[in-house]
Structure formats: structure tokens, C-alpha cells
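Chemist: Here you go, one structure.
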Amino acid sequence: MSNQWKADFERSYSLHRRDITAYVARRVPRDEIDDVVAKIFVVAWRRFKDVPAPPEDRLWLFGVARRCVAHHHRSGLRQGRLRMRLANEIKIVQIPSTQKVDDRYDLVLEAMERLKPLDREALRLVLWDELSHADAAIVMDCSVNAFELRYRRARNSVRHAVEGEPAVAPRPEHSSLANHPLFKEGQTP
């Protein structure tokens, strides 16, 4: 391994560690952040020859982070099932009555949990990680159009859940535009 390679990795690490850590911190419990970030940079170290040149290196790291977080969650689910088999009781965490909680925040979190994982990730990349749609599409390994559809669907679903509206608008009784009052008699849309 050359000194230049090591210097390039250290530069990439110092430039992007904060963003990658913030990305992970919004997706895993606090006490697991360092482990997941370490795994991300181990992958980056092992595959450093695959890392694109700046500024695409940041997006490549976000893609690695997304996959590492997903793997971490799958591992957590497996561990959780094992713990459930070993334990008979579930400990319920309660919020102290003196702590105020905004109901809308709970509604948003609940609505996000009901989203498909890729839709939820689309929202997080734009709203939490402040990536553009083009950059988020690279991270999610899809086209910008596909990403925008996913993002819009997720955003609307959460918005409707918070506003208490159905996620899909009801169909009008008469779907023909020809009967719409904006059109004169005999005029077609």
C-alpha cells in the first residue's frame, strides 16, 4: 500500500467522517454509532481503489453507509428475535409525565415507520442529510426520476398522516372532465 493511497484515505476520512457519523446517528441508537461508522470506513479502506475521485467519494461513502446501516438493522432484528426467545417479559420505557411531547412529532415518526424502507430512506436523505435529489439518487443507486417519485410518495404519505387526511384523494363521482363546469356545453377537454 502506497503512502499516497494512505494519505488519500486519511483526507477522505477527515473530510467526510462528520457527515457519515451524522448520517448514522440519525439511524441507529447512540451507543451503536461508533461501531457502524467504523464498519463503514473499514469497507472504504478495503475497497479504496473503488472509491471515486472527489466530490463523488462523499456520495460513495453515503452509499456504503446506507448498506452498513441496513445490515446493522438486520443484525439487530436477528438479535432481537433471539432475546425474545430468551426473555419472557418486555420492558416498557415510559416518558416522564413532566416531559412534554409534541403529538405531531409522534405522528411523523409513526408515519415514517409505516413507509416502505426505501421510501423512508429517501425522506431521510433529503430532509436529514440535506442531499439534493440527484445526490440522493446516486446514494440509493437509482435514477433521479425514480428517486423523486419515491421521495414525493413518502413525503405525501407522511404529510397526509400528520394532517389526518387519507393518503390518496378520493375519486370524484364523475371522473369525466367534459362534465366539469369550466367547460362550455359541447366543448371537450
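Chemist: For Glu32 and Val144, compute 0.36 nm times the residue count separating them, minus their Cα-Cα distance, and round to one decimal in nm. Walk me through the intermediate numbers first.
Modeler: Numbers: separation 112, 0.36 × 112 = 40.32 nm, distance 3.14 nm.
Between Glu32 and Val144, full extension yields 37.2 nm more.
Chemist: Ranking Tyr151, Tyr13, Tyr105 by Cβ neighbours within 10 Å, fewest first, what do you get? The partial results should precede the final answer.
Modeler: On the way: Tyr151 21, Tyr13 14, Tyr105 10.
Fewest-to-most Cβ neighbours within 10 Å comes out as Tyr105, Tyr13, Tyr151.
Chemist: Through the Karplus equation 6.51 cos²θ - 1.76 cosθ + 1.60, θ set to phi - 60°, convert the phi angles of segment 142-148 into ³J(HN,Hα) values in whole Hz; use x for Gly and Pro.
Modeler: 9, 6, 4, 4, 4, 5, 4
Chemist: Short version: ³J(HN,Hα) in whole Hz for each residue of segment 111-117, in order, from phi by Karplus 6.51 cos²θ - 1.76 cosθ + 1.60 (θ = phi - 60°), x for Gly and Pro, what are they?
Modeler: Whole-Hz 3J(HN,Hα) from phi for segment 111-117: 5, 5, 5, 7, 6, 5, x.
Chemist: Suppose R0 equals 25 Å. What FRET efficiency, 1/(1 + (r/R0)^6) with r the Cβ-Cβ distance, do Lys6 and Trp128 give to the nearest 0.05?
Modeler: That pair, Lys6 with Trp128, gives E of 0.20.
Rule-based calculations on the coordinates, nothing more; no lab input. Please read all numbers here as calculations on a predicted model, not as lab measurements. Ideal geometry is used to build each Cβ from the backbone, glycine not excepted, and the neighbour counts take in all protein chains shown.
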